[in-house]
Structures are given as C-alpha cells and as structure tokens.
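I have placed the structure first, in the form of structure tokens, so that the comments after it can refer back to it.
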Amino acid sequence: MNKENKKMVSADVIPTYLFGTVSKVDESGVSIDVKRDIDIPLPMDGNTGRSIDYMNVSGLGSSSWESSILAGFFSVPTVSAVKLLNSAYNQGIPIYTITSSNMDSILPKLSVDSTVISAIQDAINAGDEVIISQSNIQYYDWNGVGYIVYDPATGAGGYMISGGLMGAGTSKPLPMQELDALYARLCMDKRSLVLGIAMMYILTPYRYKDGKLPPYFDCSGFVGWVYLLAGYPQLFNGTYGISAADQYMLTKHTDYPLIADLIFYSHTNDPSKIHHVGIIIYQNLMIDAPNSNSYVRIEPFWNGNEYQFFGYLIESCN
C-alpha cells in the first residue's frame with residue numbers, strides 16, 4: 001500500500017467590517033484541513049471489494065483522528081465530519097445518502113447552508129455520492145454540518161465540515177493571547193520526553209509524603225520526579241518535597257492545557273487548597289499517583305465536586 005498526505009493547520013478569524021473595510025479581527029478557533037490524503041490499497045487476493053472496505057474504514061478513522069488531534073493539543077471540544085454525523089444520529093436527526101437518483105427529492109429537505117447544497121450538487125454531478133444529516137448541528141459555539149463525499153466505485157472520499165474544510169475544527173474560540181502562547185508551546189519533542197518518562201513509572205506503588213523517589217511516589221512526588229528527569233527541576237525537592245499546591249504556584253496558568261501539561265485538583269475554587277496533581281496525556285486522560293490504595297496509572301480526569309486548574313512549564317522548544 002502506498003500512502004501520501006498533506007495537512008494544514010490554521011487559526012480561524014472573524015472579521016468585522018466598517019464601510020466595506022475590515023476594522024476588527026477576532027479569534028475564532030483552530031482548524032485542520034486535509035488537502036491530500038492518498039491511500040492506494042492493493043489486496044493480495046485481488047478482491048477489489050476489500051480495497052473499497054479499507055478506504056471506507058480508513059476515511060472514517062482519519063476523520064475521527066483529525067478532531068482528536070486538535071482536542072489532544074488544545075483540550076477544547078472539536079468537530080469533524082464523523083463526529084457531527086454521529087452527533088446527528090444520537091439526536092435523532094435523519095441522515096441521508098444522496099445519489100443522482102434521489103438528489104431532487106432529498107435536497108429540498110435539507111436545512112443547511114446554500115454553499116453546502118451547491119457542493120453536494122457538484123459532487124453528485126461528478127458521479128459521487130453524499131452522506132449528510134438533514135440539518136445543522138449546534139456543538140458548543142460551533143454551528144454547521146458534517147458530510148461525506150465519496151466515490152462508490154473506489155471508496156475514496158472527502159470528509160467535510162461546513163466552511164469547505166476537509167478536516168476538523170475547534171468548537172470553542174481561543175483568545176488571541178492564548179493562541180500566541182499555545183503556538184509557542186507546541187514543542188512535541190519536549191512533551192514526548194515528559195510523557196515517555198512518566199510511562200516508565202506506571203504501576204509504581206503510592207506512598208504519602210515520603211513518596212518523592214522511586215520505588216514509591218505520591219502525586220506531587222511523581223510529577224516532580226518526572227519533570228526533573230525531563231530537565232525541569234522547579235517542581236522537585238528531594239529533601240522535603242513540594243506539595244501539589246506549591247507546584248501549581250510555580251507553573252504558568254492556562255485554561256487551554258496541552259499534553260504533558262499539569263492538571264491540579266481542589267475541593268474548592270481556591271488554588272491554595274489544591275490537593276492533587278497529574279500529567280495530561282490526552283484529552284480527559286492523565287497519568288498520576290492517585291492514592292494510598294493504588295499506584296501510578298492512567299485514568300480519566302476527575303469530575304464530580306472537584307475544581308480543576310491547569311499549569312505548564314514547557315513554553316518553547318529552546
């Protein structure tokens with residue numbers, strides 16, 4: 001199988017016009033646009049049907065991953081074609097497969113933007129088929145539709161969202177100052193190093209207070225040790241240890257954490273009362289040393305009555 005792909009990540013803006021001239025630009029979000037993603041599957045048994053099946057599964061998986069990539073980086077809700085179609089299904093919104101034989105009867109039923117209607121007509125006239133929900137989806141601050149344009153003969157397709165993107169986007173706006181900081185912090189070499197070190201200590205037993213060094217850890221001891229080995233000694237003191245609350249005060253604070261940043265917990269909205277810390281490894285997942293009955297492990301973010309705070313040390317690739 002041969003494979004080639006080309007992706008573009010961009011910041012989205014909302015212009016405000018005054019007498020036909022842009023007078024203000026507000027940040028809208030971040031999007032990923034897959035301009036080219038080519039697979040050439042070659043089934044060993046010569047069964048072309050398997051190639052079509054592969055292309056369908058590959059396309060669905062890629063659409064899902066596009067939104068997951070943005071979600072993992074920015075920890076905000078995201079949308080993609082597959083995610084929006086699944087949301088429509090869960091809400092009971094009809095989903096149509098549009099072909100040349102039923103286009104005239106289905107298009108009038110769609111409550112979507114005229115540019116999407118035009119794109120569907122162009123696709124059908126070119127011999128493709130389209131899968132789309134009957135109406136737009138409101139997902140947090142994002143409103144639009146996700147749809148799939150595909151060639152039934154090959155299984156090749158475009159996984160589209162409103163606006164003409166073949167990809168995914170964030171569904172909540174990011175403030176300009178946060179975007180500037182986020183772009184500066186997108187240093188995957190350092191983030192991968194932190195996560196790689198953290199993974200080495202999975203199943204290490206928990207021990208409160210004196211768990212600052214292997215073979216035992218408490219929550220802040222684990223975080224301090226991992227960051228020490230990654231080249232960030234600020235959160236570690238091998239003599240008396242640094243509490244989770246003190247570690248939070250030593251980090252820069254954000255509402256948009258990235259992977260390998262830190263998540264802190266408090267029973268109140270007071271960061272001085274923080275009692276736990278973990279390392280973010282993905283959207284809604286962290287690695288931490290949770291309690292005396294457990295060990296270093298990967299687990300979902302805590303919800304319930306806990307307040308969450310986020311901090312970071314990694315702010316450049318230098």
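Only the coordinates and a few stated rules stand behind these numbers; no lab work does. Keep in mind that this is a model prediction, so the values were computed, not measured. Cβ placement follows ideal geometry from the backbone for every residue including glycine, while neighbour counts extend to all protein chains displayed.
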| query | Can you work out ³J(HN,Hα) from phi for every residue in segment 274-291, in order, using Karplus 6.51 cos²θ - 1.76 cosθ + 1.60 and θ = phi - 60°, giving whole Hz and x for Gly and Pro? | reply | 4, 10, 8, 9, x, 9, 6, 10, 5, 4, 6, 10, 9, 10, 7, 10, x, 6
| query | Label points 7 Å out from Cα along the Cβ direction at Asp270 and Ser101: separation in nm? | reply | 7.0 nm
| said: Taking the number of other C-beta atoms within 10 Å as the exposure measure, put Cys219, Cys187, Cys317 in order starting with the fewest. | reply: Cys317, Cys187, Cys219
| query | Net charge near Ile95, counting Lys/Arg +1 and Asp/Glu -1 over other residues with Cβ under 14 Å of its Cβ? | reply | +1
| request: Determine, for Val149, Val277, the number of other Cβ atoms within 10 Å of each Cβ, and report the residues in order from fewest to most. | output: Val149, Val277
| request: Report the net charge of residues surrounding Cys187, where surrounding means a beta-carbon distance below 13 angstrom and charges are Lys +1, Arg +1, Asp -1, Glu -1. | output: 0
| message | Using DSSP to call loops (not H, G, I, E or B), can you name the chymotrypsin sites (Phe, Trp or Tyr not before Pro) in segment 204-248 whose Cβ has at most 14 other Cβ atoms within 10 angstrom? | response | Tyr208, Tyr240
| Using a Förster distance of 25 Å, how high is the FRET efficiency between Asp113 and Asp151, based on the Cβ-Cβ distance and rounded to 0.05? | 0.60
